[in-house]
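Derivation of every value follows stated rules applied to the coordinates shown; laboratory data play no part. Being a predicted model, the structure only gives us computed values, none of them experimental. As a convention, Cβ positions derive from the backbone with ideal geometry for all residues, glycine included, and neighbour counts pool all protein chains shown.
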Amino acid sequence: MLVTARQEINGLVWDTQVCESGGPSARMIRPEEWPGGKAPVNKTEGAFLMDYRPAPIETSKITLPPEIRELTERLAENAHDIWAEQRMAEGWRLGAKRDDARKEHPCLVPYADLPESEKEYDRRSAMETLKAILALGYRIVKP
C-alpha cells in the first residue's frame with residue numbers, strides 16, 4: 001500500500017508516494033535536476049523521476065495447455081474474492097462509484113456480477129501467473 005506525503009518545493013506542493021515498508025515508489029527531484037533546469041509546471045507534466053523499472057518474468061513464448069487454461073477462471077475468481085475480503089476487512093463497502101474517502105467501491109460484489117472488463121483484469125493476472133510458473137520450470141499437475 002502506498003502512503004502519500006506532501007512536500008513544498010519552491011512554493012509548489014508535490015505529492016510523494018512511499019510504500020508503507022519505507023521504500024519509495026518514486027523519487028522526488030529538485031527543480032535543478034530536471035532537463036534544462038526547469039521543473040514541470042504541473043503534475044500532468046510529470047513530477048517524479050521513477051526509480052522503479054518493472055521486470056516481469058518473460059512469458060510471451062509460453063502457451064498454456066487446455067487443462068491449465070481451465071484454472072484461469074477459478075484463479076481469477078479467487079483473486080477477486082481475496083481482494084474483496086481484504087477491502088471489507090479494512091471497512092470498505094459497496095458503493096455506486098469508487099470513493100476512497102468514504103471507502104466505497106462498485107466492485108465489492110460476487111465475481112459473477114462484475115463487469116466483463118473487471119473480470120478480464122483478474123483473468124489476465126491469473127493467466128500471467130500460470131505462465132510465469134511454467135516459465136520458471138515448474139509443472140502444474142492436476143491431482
State the answer as a single residue: which of Ala84, Ile62, Ser125 lies farthest towards the positive end of the charge dipole of segment 50-142, with beta carbon charges of +1 for Lys and Arg and -1 for Asp and Glu, about the Cα centre. Ile62
Work out from phi, with θ = phi - 60° and the Karplus expression 6.51 cos²θ - 1.76 cosθ + 1.60, the ³J(HN,Hα) of each residue of segment 100-109, listed in order in whole Hz, and give x for Gly and Pro. 4, 5, 8, 6, 10, 8, x, 9, 7, 9
Taking the Cα atoms of segment 53-143, what is the range of coordinates along each of the three principal axes, in descending order and whole Å? 44, 34, 22
Phi to ³J(HN,Hα) by Karplus 6.51 cos²θ - 1.76 cosθ + 1.60 over segment 128-143, Hz, x for Gly, Pro: 5, 5, 4, 5, 5, 4, 5, 4, 7, x, 7, 10, 10, 10, 6, x
Rounded to one decimal in nm, the spacing of the 7 Å Cα→Cβ label points at Ala55 and Ser117 is 3.3
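Using a 10 Å cut-off on Cβ atoms, rank the peptides 127-133, 87-93, 116-122 from the highest mean neighbour count down. Could you put the intermediate results ahead of the total?
Numbers: 127-133: 17.3, 87-93: 11.9, 116-122: 14.0.
By packing density, highest mean first, the sequence is 127-133, 116-122, 87-93.
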Mean Cβ neighbour count within 10 Å, used as a protection proxy, ranking 73-82, 101-110 highest first: 73-82, 101-110
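Determine, from the Cβ-Cβ distance of Ala101 and Asn78 and an R0 of 25 Å, the FRET efficiency 1/(1 + (r/R0)^6), rounded to the nearest 0.05.
0.30
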